[in-house]
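Notes to accompany the following structure.
The values are calculated or read from the model by the stated rules, or taken from the named source; none is laboratory data. Quick caveat: nothing in here was measured; it's all calculated off a predicted structure. Cβ placement follows ideal geometry from the backbone for every residue including glycine, while neighbour counts extend to all protein chains displayed. In case anyone asks, the SASA skips ligands and DNA or RNA and just uses the protein heavy atoms, side chains included. Shrake-Rupley method; radii C 1.70, N 1.55, O 1.52, S 1.80 Å.
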Amino acid sequence: MEGRLRKIRLLLLDVDGVMTDGRIIFDSNGIESKFFNVKDGHGIKMVQRAGIEVGIISGRGSVVVSNRAAELGISLVYQKSLDKLTPYREILEKTGFTDDQVAFIGDDVIDIPVLRRVGFAAAPADAVDDVFPHVHFTTRNRGGWGAVREICDLLLRGQEKWDEITARYFS
C-alpha cells in the first residue's frame, strides 16, 4: 500500500455517503441541506497544501456541493455524473495524471468503475458491500464522519509529508 500512496497526486471524492453521511434534507421550501464534517474539510486543505490536487465526482447535482467545493478551493467538480468514468477520463486528460497517480473514495456501486481504475481506491466503513472487493483500503469511519480525513491523513503519512504539513500545529 505504501507504494500506491507515494504515487498519488490527485484525490477524487464522491459526495453523498463519502463527504456526507448520505442524508439529504429538504426543508418545506425545497431547499436542500447536507452535513459536511469540518475535520474532513481540514484534511482536504492539508493534502492541498502538500501538493495533492482534490476533485469531486458526484452522481447528483447540488448547489450545496458547489458551495462546499468553492469553500475548500476545489475546482475539479463534476456533478450529475451517472457514468463516473466519463468525468474521470476528462480529469485525467485535463490534468495529465495517470491512473496510478489518482486516489478515489467511493461508497456505492456507481463508484466501482472508477474504484477499479485508480491507483488507490478507498471506501468508508459504511459503503455498500459490493464496493469492498474493489478497494485497497476501508476506513474505520463512516462517510461524513471522518472517512475523508482518515484518507487524507493516510496520504500525508504515506508520502512522508505529515510532519511538514502539521508542524505549525505542534510548535
Separation of the Glu164 and Leu92 label points, Cα + 7 Å toward Cβ, nm
2.7
Rounded to the nearest 10 Å², what accessible area does Asp100 have for a 1.4 Å probe in the complete protein model?
70
Distance from the Cα centre of the stretch 68-138 to that of the stretch 28-55, in angstrom?
15
Name the residue, out of Val77, Val38, Val114, whose mean-square fluctuation peaks in a Gaussian network model built on the chain with Cα pairs under 10 Å.
Val38
Starting from the coordinates of the alpha-carbon atoms of the stretch 46-122, obtain the Kirkwood hydrodynamic radius over all distinct pairs and give the value in Å to one decimal.
12.9
In a GNM of the chain with a 10 Å cut-off on Cα contacts, which of Leu155, Leu12, Leu76 has the highest mean-square fluctuation?
Leu76
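Using a 1.4 Å probe on the protein chains only, how many percent of the accessible area of the stretch 72-171 belongs to carbon and sulfur?
Details: 2470 of 5080 Å².
Carbon-and-sulfur percentage of accessible area, whole number: 49.
Can you give me the relative contact order of the chain as a percent, contacts being Cα pairs under 8 Å and 6 or more apart? Each step should come with its number before you reach the end.
Details: 332 pairs, mean separation 49.8, N = 171.
Answer for the chain is 29 percent.
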